[in-house]
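Report on the following structure.
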Amino acid sequence: MSKNKHEAELVKKALVVGALYVKKRGYGEIEATDSHKLKVEYIYRALVEDKLIQPLAKKDISIPNMEHKLALWITRQLPADHPLVTGE
């Protein structure tokens, strides 16, 4: 998996957008006090459940791999001229 140089910022953006998504879908609400690991896993699993991203193979499931999947997902949601997508 190749990493975008802005992957950390993309993951942060994915967590914000993903939190809104899971709330609108009725999956519950992510609290500010929830750990980063919990947020990543919760949003990842919700997106997999709704078939918006392909699940990782069982042997590849880890927080860094889930973060990468979230970064790829948010890249497709952002406009093509967004600074995080263009690499500026």
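The values are calculated or read from the model by the stated rules, or taken from the named source; none is laboratory data. All figures in this text were calculated on a predicted structure; none of them were measured in a lab. Ideal geometry is used to build each Cβ from the backbone, glycine not excepted, and the neighbour counts take in all protein chains shown.
Scanning region 20-40 for residues that are of a type outside the set (Ser, Thr, Tyr) and within 15 Å of the chain's Cα centre (by Cα) gives Leu20, Val22, Lys23, Ile30, His36, Lys37, Leu38, Lys39, Val40.
Right, Ala46: over 12 Å from the mean Cα position of the chain (by Cα), among the small types (Gly, Ala, Ser) and either under 14 Å from Trp73 (Cα atoms) or surrounded by fewer than 12 Cβ atoms within 10 Å (Cβ to Cβ) (or both) or not?
no
Filtered by the rule that a residue be in contact with a helix residue (DSSP H, G or I) (Cβ under 6 Å, 6 or more places away or on another chain), of a type in the set (Val, Ile, Thr) and part of a helix (DSSP H, G or I), region 44-64 gives a lone residue, Ile63. Screening the candidates Glu31, Glu41, Glu67, Glu9 for the property of being assigned to a helix (DSSP H, G or I), out of contact with any Gly (no Cβ under 9 Å at 6 or more places or on another chain), at pLDDT below 95 and among the acidic types (Asp, Glu) yields one hit, Glu9.
Please work out if Pro55 is at pLDDT 95 or above and farther than 16 Å from Leu15 by Cα. Yes; evaluated as a whole, the condition is true for this residue. Candidates are the residues of region 69-83 that are under 14 Å from the mean Cα position of the chain (by Cα) and of a type in the set (A, V, I, L, M); the one that is surrounded by the most Cβ atoms within 10 Å (Cβ to Cβ) is Leu70.
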